[in-house]
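Just below is one structure, and these are the notes that go with it.
The values are calculated or read from the model by the stated rules, or taken from the named source; none is laboratory data. All of these numbers come straight from a predicted model, not from anything done at the bench. Cβ sites come from the backbone with ideal geometry, for glycine too, and all protein chains shown count toward neighbours. These accessible areas exclude ligands, DNA and RNA; they are computed on the full protein's heavy atoms, side chains included. Shrake-Rupley method; radii C 1.70, N 1.55, O 1.52, S 1.80 Å.
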Amino acid sequence: MKRRQFLAAAGAGALTVTLAGCGLVPVIPKRPTSTANDALGWIRHEQGRYTLWLPSAEMGQQISTALQGLAATELGVPPAQVHLQLPGTRAIARVRATVGSASVQDFALPLARACATLREALAQGQTSGTLAARDIAPSALRSLQPRTGIAKETAVAPGQLHALVTGQPLFAGDTRLPSLLYGRVLRAPVSAEINSRPKAWDETAARADPACVAMVQHPRLAQMGSLGLGIVARTPSALDRIEAALAVQWQVEDGSAFEQAAIDARIDIDTQLRRGPLQHRLRKDDLPADTAWTLDLRMDIPLAAHAPIEPRSATAQWLADADQEGIALKVWAGTQDLFYMRDVLARQFNLNAERIEVQACRIGGGFGGRTLCTVELEAAVLAQAVGAPVKVQWSRAQEFAQGFQRPPSSHRVRARVHGGRITHWWHALASSHILFTPAAMPVWMQTLADLAGDSGVARGAQMPYDVPQQRIEFTAQRLPVHTGPWRGLGAGPNTLVVESAMDECARHAGADPLAWRLQHTTDERLAQVLRRAAAEARWPERPASDATTLRGRGIAGGIYKGVSYAAAVADVEVQRATGQVRVVALWCAHDCGLVLQPDGVRAQTEGNLVWCLGMVLHERLPVARSGVAAASFADYPLPRMGDVPPLHVQLIDSSAPPTGAGETAMVAGAGAIANALRDATGVRFTRLPVRSADVLQALAARG
Amino acid sequence: MHITLNQHPQPVPTGWEDEPLLWLLREPLGLTGTRFGCGMGQCGACTVLIDGVAERACLQTARGLQGRAITTIEGLAEPDGTLHPVQQVWRDLRVPQCGYCQSGQIMGAVALLRATHRPTDAQIDAAMSGHLCRCGTQQRVRAAIHQVARGTKP
């Protein structure tokens, strides 16, 4: 049985949209909805062997395991018989980017229908040809049947687990080709928001290194305002020596210098509010004219990095092609958006998109950061310049400085509590762009897009609780450091603030934090995860402080993208003498509808909880001298083995349609930890991260 | 020049003698399971065993390892493919998420368990704190090490 004819449907050619007077419009990622007929291109049967071309990027969210298991169930074969293959752009029809934890939601139904169609055809003796997918009702699909008893797991599909534990090549940097050379694009040590270019360099010194191959200057080595200087060498580490020998001097646009204070001032919420209503309002109910607020809380959350352990990498190879019809450029990439990568390269090199193949590789940590074309373009430019395949892998310092970051945000929440209820709620926040990332959008275009409001910034700001009168408003300010999607987008910071404020309201009302939340919701699924997390943690058995150690317990919950639910309870200990904070346990209940792959969802939930821990206690990306000031993990501490407590994850057994699971717990973990800290110390920490020095200072001030 | 790699003598290609072991392994020798995370010994992704002790390959060179036994993730399993007990438990407990740091985590765990048959939580914290994982697999790494230890004869 062959794959469906899909190439005609896949469309060809780069986007050529232009707006008069606006200059070149960046390539816009397309987000098609995959159909069951598309999915027939993902599953293939040949001589008793099934191959599944994975439609979404695998970056640790175990989507390969989930979809392999689903396909196997639908086909009626053991998972190991479904051979997994990561696709190139010529192997499957265009699929949307792997973002927003939507892969199961987007791909499960079409894939199940395609597999059912294939199974039925094989059962009827058809062994070759192409099929048209049948529009089978979900209730008739074996793989989407509601299951009871999550704990009783069926045979889990292997995914790429064996290859991982045996160290087989899987990632973009593992690509090897004959005559492969190694490249790097040097850039001025300032934000790409600032125009910069190489001014002078010592080429003689660089060429004295026997491993030096070439210096490459090309206009395509620009990333926003940053024009780079390419270097190519015979070994990867020669790039470090050549970079040092070149001692590039940079020309940096005058008058553009900035420091951390400029960023803080730009998004200062009180400054923004003094200018009047913020640009976008999610709710605009009437608020009382007087200022008798029960709670008036300001919180500030810093820039944060994705900091994946894999610095991004791509290998590019140009192919000689006499007839000008075949593949001209092949690129191996670890990207969340394979087809967007291809379209950008097609635009840049003025090639028909069908003449470029971008091959998907496993991603060594995505978290929203692998959505733009960066190393892929650098590798393609360098490979073309030297006439040989070139691999580029960013250094750790480049990985910190040259991507985009989670925007900082500044919040003010005012609430009025009356008669045991929150009657009025006003949450105002200022941040920078997430979906309309400045790393890909020029100022004019962002200004146009901003008319709609960046929903990534707003994610999680909607109240999951019932409050009659609400004002929720936000503004996104373009910052000189580029910002963009990070795990959960705005949901991590926004729900942390919402849940901190909820907690303070409960304290004002003298209410138990769990009971307070339950009495403010009629959403049964939210109530269920709150009750479940609390029950697992034995909520009423609160830890007691003693002479040396303060102990506290906190709870928080929320709804992610309106479809997935999570609640968490945290226990923390604070050493009175040192201010050292330790999270000693985390409990989390997670409801993402029908769970296709329980172990994978548990793993994602554990990962989210560790992110939340890092967010509250460790992570802040420093800015200095007009750019990111972190060059290594010493400058950006991540949670380590000893920081991670036992994580108790409970999945809600549900037959509701499957929703996203990869980011849900971001709405619960951080709030629970912050509220536990408040419970232990009596202090509401309003600036993140909370490090031991901050705690000592706060305890001293409290007396 | 030769090194002893996964129990076999291995010639070092000309021009790679003084390059970091990490890149020698990954590029000319094709053992890409040892992975680059920082190049500064801060993340643990490139951990290999040198005479059974965990070392960062980014901080070693072939010239400095003459006469020493180097073991990489590719050299852990038996020649017939039987996984090393640490690899097997890593698989059973489904420790990896993205998996990029996991070769290094596994090598670190192998070295720990060689030196300490039944490590305590504190010993695991100490030995594994130099292995960064951004996906958040720490709890499963800990559980896997304990499980291997329980199955190991003292």
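For segment A:182-316, just list the percent of Cα-Cα distances falling in each 5 Å bin from zero outward, please.
The percentages, shortest bin first, are 2, 7, 12, 14, 13, 11, 9, 7, 6, 6, 5, 4, 2, 1, 0.
Determine the shielding of peptide B:116-128 by partner chains: average, over its residues, the number of Cβ atoms on other chains within 10 angstrom of each Cβ.
For this peptide, the per-residue mean of nearby foreign Cβ atoms is 1.
Just give me a number: lysine pairs in the protein assembly as shown, eight or more positions apart or cross-chain, with C-alpha atoms less than 26 Å apart.
Pairs that pass both the separation and distance tests number 6.
Using a 1.4 Å probe on the protein heavy atoms only, what accessible surface does B:HIS131 show? Give it in Å² to the nearest 10.
The value for B:HIS131 is about 10 Å².
In whole Å, what are the extents of segment A:467-612 along the principal axes defined by its C-alpha atoms, from largest to smallest?
For segment A:467-612, the Cα extents along the three principal axes come out at 47, 42, 39 Å.
Give the accessible area for A:ILE559 in Å² (nearest 10); use a 1.4 Å probe, count only protein heavy atoms, and leave out ligands, DNA and RNA.
The accessible area comes out at roughly 40 Å².
Provide a whole-number value for the mean count of partner chain Cβ atoms within 10 Å of the Cβ atoms in peptide A:55-61.
On the way: counts 0, 0, 0, 2, 5, 10, 3.
Mean partner-chain Cβ count within 10 Å for A:55-61: 3.
Return the carbon/sulfur percentage of the accessible area of the protein assembly as shown, one whole number, probe 1.4 Å, all protein chains in place.
51 percent
Binning at 5 angstrom from zero up to the longest distance, how are the C-alpha pair distances of segment A:325-465 distributed in percent?
2, 8, 14, 16, 15, 12, 10, 7, 5, 4, 3, 2, 1, 1, 0, 0
How far, in nm, would the chain grow between A:ARG576 and A:THR127 when pulled straight, counting 0.36 nm per residue and subtracting the alpha carbon separation? Mind showing how you got there, number by number?
Working: separation 449, 0.36 × 449 = 161.64 nm, distance 7.18 nm.
Gain on extension, A:ARG576 to A:THR127, equals 154.5 nm.
Starting from 0 in steps of 10 Å, tell me what percent of the Cα-Cα pairs of segment A:105-214 lands in each bin.
Calculated P(r), rounded to whole percents: 9, 18, 19, 18, 13, 15, 8, 0.
Distance between the C-alpha centers of segment A:438-517 and segment A:535-566? Whole Å please.
Between the Cα centre of segment A:438-517 and that of segment A:535-566, the gap is 22 Å.
DSSP loop (so not H, G, I, E, B), at most 16 other Cβ within 10 Å: list which trypsin sites (Lys or Arg not before Pro) in segment B:29-86 pass both filters. Before the final figure, lay out each step's value.
Values: sites: B:ARG35, B:ARG56, B:ARG63, B:ARG68; in loops: B:ARG35, B:ARG68.
Here the trypsin sites (Lys or Arg not before Pro) that fit, given the DSSP loop and packing criteria, are B:ARG68.
So how compact is segment A:597-703: Cα radius of gyration and Dmax in angstrom?
Here Rg and the maximum Cα pair distance are 16.8, 53 Å.
Can you give the direction-averaged projected area of the convex hull of the alpha-carbon atoms in segment A:531-671, in nm²? Intermediate values should be presented prior to the final figure.
On the way: hull surface 42.0 nm².
For segment A:531-671, the mean projected area of the Cα convex hull comes to 10.5 nm².
Keeping every protein chain present and rolling a 1.4 Å probe, give me the accessible area per residue for the protein assembly as shown in Å².
Per-residue accessible area for the protein assembly as shown comes out at 36 Å².
Sorted from largest to smallest, which semi-axis lengths in Å does the alpha carbon gyration tensor of segment A:262-388 give for its equivalent ellipsoid, taking the root of 5 times each eigenvalue?
Largest first, segment A:262-388 gives 48, 17, 13 Å.
Cα centroids of segment A:592-638 and segment B:28-98: how far apart, whole angstrom?
25 Å
For segment A:31-76, compute Rh as the Kirkwood radius over C-alpha pairs and then the Stokes-Einstein diffusion coefficient at 10 °C and 1.306 mPa s; write the answer in µm²/s, rounded to an integer. Mind showing how you got there, number by number?
On the way: Rh = 11.6 Å.
So the translational diffusion coefficient is about 137 µm²/s.
Show me the helices of chain B, taken as full DSSP H stretches, that run 15 Å or more along their long axis by Cα and average 0.0 or above in Kyte-Doolittle hydropathy.
Going by DSSP H runs, the hits are B:102-115.
Cα centroid distance between segment A:677-692 and segment B:105-154, in Å?
31 Å
Can you give me the solvent accessible area of B:CYS101 with a 1.4 Å probe, rounded to the nearest 10 Å²?
Probe radius 1.4 Å; accessible area of B:CYS101 about 10 Å².
May I ask for log10 I(q)/I(0) of segment A:476-557 at q = 0.16 Å⁻¹, from a Debye sum over the Cα atoms as equal point scatterers with solvent left out?
Summing over Cα pairs of segment A:476-557 leads to -0.77.
Take every DSSP beta bridge whose two residues both sit in segment A:412-526, then give the antiparallel share in percent to the nearest 5.
45 percent
Rounded to two decimals, what is Rg over Rh for chain A when you use alpha-carbon atoms and the Kirkwood radius?
0.98
Per residue of A:167-177, count partner chain C-beta atoms within 10 Å of its C-beta, then hand back the mean as an integer. Walk me through the intermediate numbers first.
On the way: counts 18, 5, 5, 6, 6, 0, 5, 6, 1, 5, 0.
The mean count of partner-chain Cβ atoms within 10 Å per residue comes to 5.
Once B and A are treated as a pair rather than alone, how much accessible area drops out, both sides summed, in Å² to 100, probe 1.4 Å?
Working: alone 8290 and 27460 Å², together 31160 Å².
Protein heavy atoms only, the B-A interface buries about 4600 Å².
Calculated from DSSP H runs of 4 or more alone, at -39500 (n - 2.57) each and per residue, what is the 222 nm mean residue ellipticity of the protein assembly as shown, nearest 500?
Calculated mean residue ellipticity at 222 nm is -8500 deg cm²/dmol.
If the elastic network links every pair of Cα atoms under 10 Å, which of B:ILE124, B:ILE70, B:ILE106 fluctuates the most in the Gaussian network model of chain B?
For chain B, modelled as a Gaussian network with Cα springs under 10 Å, the answer is B:ILE124.
With the Cα gyration tensor of segment A:49-138 in hand, give its eigenvalues times 5 under a square root as the equivalent ellipsoid semi-axes, listed largest first in whole angstrom.
So the three semi-axes of segment A:49-138 are 22, 14, 13 Å.
Per residue Cα convex hull volume for segment B:67-133, in cubic angstrom? Before the final figure, lay out each step's value.
On the way: hull volume 7.8 nm³, N = 67.
Hull volume over Cα atoms, normalised by residue count, gives 117 Å³.
Report Rg(Cα)/(2.2 N^0.38 Å) for segment A:194-270, keeping two decimals.
1.46
For q = 0.15, 0.17, 0.30 Å⁻¹, what log10 I(q)/I(0) does segment A:51-94 give under the Debye formula with an equal point scatterer on each alpha carbon and no solvent?
Values, matching the q order: -0.36, -0.45, -1.08.
So what's the convex hull volume per residue for the Cα atoms of segment B:22-122, in Å³?
Spelled out: Cα convex hull of segment B:22-122, divided by residues, is 123 Å³.
Ratio to report: Rg/Rh of segment B:1-64, with Cα atoms as the point set and Rh obtained by the Kirkwood method; give two decimals.
0.92
Any idea what % of Cα-Cα pairs in segment A:167-215 are farther than 18 Å?
The calculated P(r) of segment A:167-215 puts 57 percent of pairs beyond 18 Å.
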